[in-house]
Amino acid sequence: MSNLDYRLSYRRNLPHYQPANATLFITFRLAGSLPVEILQRLREEYERVVAEVDSSLSMPERSEMEYAAQRRFFGRMDAFLDAAEYGPRWLKEPAIAQLVADSLHYRHRRVYDLDTFCIMPTHAHVVFSPLAGGDGKPHSLSSIMQSLKGYTAHKANTILGREGAFWHHESYDHVVRDTEEHERIVKYVLNNPVKAGLVADWQDWPWSYTKHQL
């Protein structure tokens with residue numbers, strides 16, 4: 001089996017889970033946008049909390065505690081990225097942000113149903129639902145992200161006149177569990193530039209999109 005084939009779950013540095021017909025919330029960031037020591041500390045804290053979950057609890061209770069730990073990990077990571085005090089900020093360049101936005105739109109109705117996205121100076125958030133491929137299985141998250149990141153990295157490096165890694169190799173992803181959570185995530189994504197102090201209203205940020213009427 002190829003690493004790009006659809007799998008229900010797999011693990012790299014972080015766990016990845018893609019049920020069929022799922023809506024996914026993904027965050028992908030520039031290479032070098034977080035200090036290694038900070039990321040390692042956050043990951044160790046997350047793994048320690050998960051390891052300490054009481055095994056006598058019911059499966060739903062354990063899942064809720066692990067989900068809460070995952071949210072804390074993501075929240076702290078995203079706060080570091082929003083501060084943009086470390087590493088490159090290539091996505092602040094209009095030509096690069098437009099490249100990523102166009103690439104996200106291009107894959108709509110080809111490999112996923114695009115819901116919402118926001119492109120920040122150091123990272124991007126996107127919500128989409130993978131579509132079924134010719135074999136009836138969903139297009140895998142790994143194949144979608146490799147295609148998206150590979151294409152945009154090559155084009156962005158050409159624009160910037162540079163070589164080397166553009167995106168961090170691994171993305172953060174989360175299965176949207178219900179309508180309430182979906183609404184919360186969409187608002188979070190769109191208001192990210194407001195929270196980061198870049199604009200006063202999310203509609204003033206040029207690198208955001210949602211299919212919803214808000």
When the residues of the range 132-162 are narrowed to those that are farther than 19 Å from GLN98 by Cα and of a type in the set (D, E, K, R), which ends up surrounded by the fewest Cβ atoms within 10 Å (Cβ to Cβ)?
ASP135
Only one of ALA165, ALA200 is of a type in the set (A, V, I, L, M, F, W, C), outside any helix (DSSP H, G or I) and over 19 Å from PHE28 (Cα atoms); which?
ALA200
Only one of (1) in contact with a helix residue (DSSP H, G or I) (Cβ under 8 Å, 6 or more places away or on another chain); (2) part of a helix (DSSP H, G or I); (3) of a type in the set (A, V, I, L, M); (4) at pLDDT 95 or above is not met by ALA101, so which one is it?
(1)
Go through the range 77-88 and count every residue that is of a type outside the set (Asp, Glu) and loosely packed, with under 15 Cβ neighbours inside 10 Å.
3
Selection from the range 97-131 of residues that are of a type in the set (Val, Ile, Thr) and either surrounded by fewer than 22 Cβ atoms within 10 Å (Cβ to Cβ) or touching a His at 6+ places or on another chain (Cβ under 9 Å) (or both):
VAL111, THR116, ILE119, VAL127
Could you tell me which numbered condition LYS211 fails, if it satisfies all but one of (1) surrounded by 12 or more Cβ atoms within 10 Å (Cβ to Cβ); (2) touching a strand residue (DSSP E or B) at 6+ places or on another chain (Cβ under 7 Å)?
(1)
Taking the range 168-190 and keeping residues in a helix (DSSP H, G or I), buried (at least 17 other Cβ atoms within 10 Å of the Cβ) and of a type in the set (Val, Ile, Thr) leaves ILE185, VAL186, VAL189
Expected single match for within 21 Å of LEU34 (Cα to Cα) and part of a loop (DSSP other than H, G, I, E, B) among PRO193, PRO121, PRO206 is PRO121
If a residue has to be in contact with a Phe, Trp or Tyr (Cβ under 8 Å, 6 or more places away or on another chain) and in a helix (DSSP H, G or I) to count, how many in the range 56-90 make the cut?
8
Does the range 33-53 contain at least one residue that is out of contact with any Gly (no Cβ under 8 Å at 6 or more places or on another chain), within 24 Å of ASN3 (Cβ to Cβ), hydroxyl-bearing (Ser, Thr, Tyr) and in a loop (DSSP other than H, G, I, E, B)?
no
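If I go through the range 23-52 residue by residue, how many of them are surrounded by 15 or more Cβ atoms within 10 Å (Cβ to Cβ) and either polar (S, T, N, Q) or over 18 Å from the mean Cα position of the chain (by Cα) (or both)?
The total comes to 5.
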Go through (1) surrounded by 18 or more Cβ atoms within 10 Å (Cβ to Cβ); (2) among the small types (Gly, Ala, Ser); (3) farther than 24 Å from ARG109 by Cβ for ALA200 and report which single condition fails.
(1)
Residues of the range 125-160 that turn out to be of a type in the set (Ser, Thr, Tyr) and farther than 21 Å from THR23 by Cβ, as a count
3
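The values are calculated or read from the model by the stated rules, or taken from the named source; none is laboratory data. Note that this is a predicted model, so its numbers are computed, not measured. Glycine gets a Cβ as well: all are built from the backbone with ideal geometry, and neighbour counts include every protein chain shown.
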